[in-house]
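The values are calculated or read from the model by the stated rules, or taken from the named source; none is laboratory data. Predicted model, so just to flag it, every value in this text is computed and none were measured. No Cβ is skipped: glycine too gets one built from the backbone with ideal geometry, and neighbour counts run over all protein chains shown. The area values use the complete protein model at the heavy-atom level, side chains included, leaving out ligands, DNA and RNA. Shrake-Rupley method; radii C 1.70, N 1.55, O 1.52, S 1.80 Å.
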Amino acid sequence: MRYLLLLLLLFPLVATAQDKSAKRTCRVVFLNPPANAPKKLYLFDGTTSQEVELPKMNFSDVYVVANGDVTLRLLTAPVTKVEQVPAGAPAGKVAAGIEDFYLIASSDPKNQVVPVQLQVIDASVQKFRKGQMMWYNLTTSAVGGQLGSQKLALKAQSRAVTDAPASGREPYDVSISYSLPNDKRLYPICQTKWEHDPDTRTVVFLYGGANGATPELIGFKDFRAPVEKSQ
């Protein structure tokens, strides 16, 4: 639950102009779920309900939801009217100008309706382009390093978007370290190679690291097949 509270502070949503005829899309992921976390739920956008997956190792399929200012809710059963939504159901607001977004779920055992909390992250193409990486440092440690041609510098509990680390579809060197508060030494998180895909966006979360432990990271790739234009 605390992860989503940090996300809310790190990435406030800003609306932009949206083509009303365009379909609004989203993808879902369950960040660091417990063993008994639900695998599927129903996403209600104020008009319709649809069953959605809550994967933990990758983004879900792309779902289409209603345009405009909407409040999304995750439920255990489908509904057709707002009046049918149980009080206390996990909810996330989407501003009218957001054309594409990620719906991040996190465990909330205190919620007796559905033990999940939601956060909406704007992923509209104007803000997050192909080849870029979106980073969320949910730890109390500063994190930095080298991502191919790009430098990474994240303060504790901050977010950033880095440009493409390489020019083409190729491997690149990754070296990421962290430093503890009041400690200038650098401690390694990982030193490896990753594969760059110029047609894919990547979201990376850094979490954990309590009591001086090494932070963990998990990344989710978002590839969208090109939409064929009608003749």
In whole Hz, with x marking every Gly and Pro, tabulate ³J(HN,Hα) for region 194-211 from phi via Karplus 6.51 cos²θ - 1.76 cosθ + 1.60, θ = phi - 60°.
-> 10, 9, 8, 10, x, 9, 10, 9, 10, 10, 10, 10, 10, 9, x, x, 5, 6
Beta carbons within 10 angstrom, averaged per residue: use that to sort the peptides 134-147, 116-129, 165-178, highest first.
-> 134-147, 116-129, 165-178
For region 141-231: rounded, prolate or oblate by the Cα gyration tensor [a/c cutoff 1.5] = prolate
Fraction of accessible area attributable to carbon and sulfur, the chain (%, probe 1.4 Å) | 53
Compute the Rg to Rh ratio over region 136-193 from the alpha carbon atoms, using the Kirkwood formula for Rh, and round to two decimal places.
-> 1.00
Scattering curve values for region 19-124, log₁₀ I(q)/I(0), Debye with Cα scatterers, q = 0.14, 0.15, 0.19, 0.24 Å⁻¹ = -0.49, -0.56, -0.92, -1.44
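Above 34 angstrom, tally the Cα pairs of the chain and express them as a % of all pairs, no decimals.
Values: 4693 of 26565 pairs.
Tail fraction, whole percent: 18.
Taking a probe of 1.4 Å, how large is the accessible area per residue of region 54-93, in Å²?
Numbers: 2230 Å² over 40 residues.
Per-residue accessible area for region 54-93 comes out at 56 Å².
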Of Gly92, Leu54, Ser177, which is farthest on the positive side of the dipole of the chain, counting Cα position, with +1 on Lys and Arg Cβ, -1 on Asp and Glu Cβ, and the Cα centre as origin?
-> Ser177
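Just the projected area, averaged over all directions, of the convex hull on the alpha carbon atoms of region 71-138: how many nm²? Numbers along the way, then the final one.
Numbers: hull surface 24.4 nm².
Value for region 71-138: 6.1 nm².
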Could you pull out the pairs from Lys56/Lys81; Lys93/Lys155; Lys193/Lys221; Lys155/Lys184 whose alpha carbons sit more than 19 Å apart here?
-> Lys56/Lys81; Lys93/Lys155
